[in-house]
1. Looking at this structure, is Ile41 in a loop (DSSP other than H, G, I, E, B) and of a type in the set (A, V, I, L, M, F, W, C)?
2. Hey, can you tell me all the residues within the range 1-21 that are among the β-branched types (Val, Ile, Thr) and under 14 Å from the mean Cα position of the chain (by Cα)?
3. Evaluate the range 83-92: report whether one residue or more is assigned to a strand (DSSP E or B) and either under 16 Å from Met42 (Cβ atoms) or out of contact with any Asp or Glu (no Cβ under 7 Å at 6 or more places or on another chain) (or both).
4. Would the range 185-199 turn up any residue that is of a type in the set (Ser, Thr, Tyr), under 30 Å from Gly33 (Cβ atoms) and at pLDDT 85 or above?
5. With respect to Thr161, is the statement that it is out of contact with any Lys or Arg (no Cβ under 9 Å at 6 or more places or on another chain) and of a type in the set (Val, Ile, Thr) true?
6. Taking the range 73-87 as the region of interest, how many residues are surrounded by fewer than 16 Cβ atoms within 10 Å (Cβ to Cβ) and either touching a helix residue (DSSP H, G or I) at 6+ places or on another chain (Cβ under 8 Å) or in contact (Cβ under 8 Å) with a residue 60 or more places away in the chain (or both)?
7. Looking at (1) surrounded by 15 or more Cβ atoms within 10 Å (Cβ to Cβ); (2) out of contact with any Phe, Trp or Tyr (no Cβ under 7 Å at 6 or more places or on another chain), can you tell me which one Gln46 breaks?
Amino acid sequence: MDSPYKADILKGKVALLTGGGSGIGFEIAKQFGNHGASIAIMGRRQQVLDSAVSVLQSLGIQAVGFVGDVRKKDDANRTVESTFQHFGRLDILVNGAAGNFLVSSEDLSPNGFKTVMDIDSVGTFTMCHEALKYLKKDGLGKKSSEGGGIILNISATLHYTASWYQIHVSAAKAAVDAITRNLALEWATDYDIKVNGIAPGPIGNTTGMSNLVPKQIDIGAMDLIMPLFKLGEKWDIAMAALYLASNAGKYVNGTTLVVDGGLWLSRPRYLPKDVVKQFSTGLPNSKL
C-alpha cells in the first residue's frame, strides 16, 4: 500500500525501536526507513535482529541491530550509546517491546504479572530515561535550533474498560499511558521532547494476534465484530507512527492515538435497527 506521506519526511533522522525486529515494530522500522530515517532496532534474539536488519538493508535503509533486554538498565544504556556512536545522533525512540499471553487472574502467578509489568512499563521508562540526554534540545547529538526529539510508546486499549484474561497487560499498558502523559508534561517543558503513544487494535498477520486468539476461533470471523468489518494492518500503525514522528504531528503531545477502527467503543448490537424503528414509531408525541 502506498504511503500518503512524502518519502523524505524523516530524512536525516535516527530512530531507535525496541521490539523492532518483528511484527508491528518491524513495520514501523521499515516505514520510518522508507521515509528517510536511519534505523536501530533492539531485541533479545540475535537471529531475529539479523534477519530484520538484512531485510531493511536490502531496501536501501541504513539499519543496525543491538541485542538487549529493556528490563536491564545496562542493556538500555549500551543500546542507546551504541546507536549514537553508530549514527552520530538520536531523534526518535519507539518503545514497542512487550509481553502478552492469555491467562485467568487466578492462574497468573505474581512473577508472571511482574514480568509483563517489567517489560512493558519498566522497560518503557528505562529506555526513555537512558535516551534522554540524546533526545533533548542541546543534547550531545542535537543542535539547539532543531528542538527536542520524539518518543512513541506502543500501548493498547485493554485498560480503557476491562479485558478477559489480560489483567497483567491491562495494568502494564495503563502504566505506559501514565508514563506517556507525565513525560510529555515534564520533558516537553524542560527539553522540547514530544511524548505520545499509539494504542493498536487487533492487527492481522502478527504473532500477538495468533497467540491471543485460540485456534478454535476463526480469526477471519472476527471481522464481523469489528465496526469497520476488518482487522487492522501493521501498515495502519506505522502510518500513525509516521504522523506522530514527523512535522505533521508537531503540536501533538501527551496523547495516545487509538488505531483500532473504533473497536474499543463497540458493544454487541442487541437489537436490530428495524426493531428499534418499531419502538421509535410507537413513542407518544412529544415536544422534546
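The values are calculated or read from the model by the stated rules, or taken from the named source; none is laboratory data. No experiment lies behind these values; they were computed from the predicted model shown. Note that each Cβ is placed from the backbone with ideal geometry, even for glycine, and that neighbours are counted across all protein chains shown.
1. no
2. Initially, the range 1-21 is screened for residues among the β-branched types (Val, Ile, Thr), giving 9, 14, 18.
Correct list: Thr18 only.
3. The answer is yes, given that some residue of the range 83-92 is assigned to a strand (DSSP E or B) and either under 16 Å from Met42 (Cβ atoms) or out of contact with any Asp or Glu (no Cβ under 7 Å at 6 or more places or on another chain) (or both).
4. Checking the range 185-199: at least one residue is of a type in the set (Ser, Thr, Tyr), under 30 Å from Gly33 (Cβ atoms) and at pLDDT 85 or above.
5. yes
6. So the answer is 1.
7. Every listed condition holds for Gln46 apart from (1).
The rows are residues; the columns are (1) β-branched (Val, Ile, Thr); (2) under 16 Å from Asn182 (Cα atoms); (3) modelled with pLDDT under 90.
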position	(1), (2), (3)
Val122	yes, yes, no
Lys133	no, no, no
Lys142	no, no, yes
Ile154	yes, yes, no
Thr161	yes, no, no
His168	no, no, no
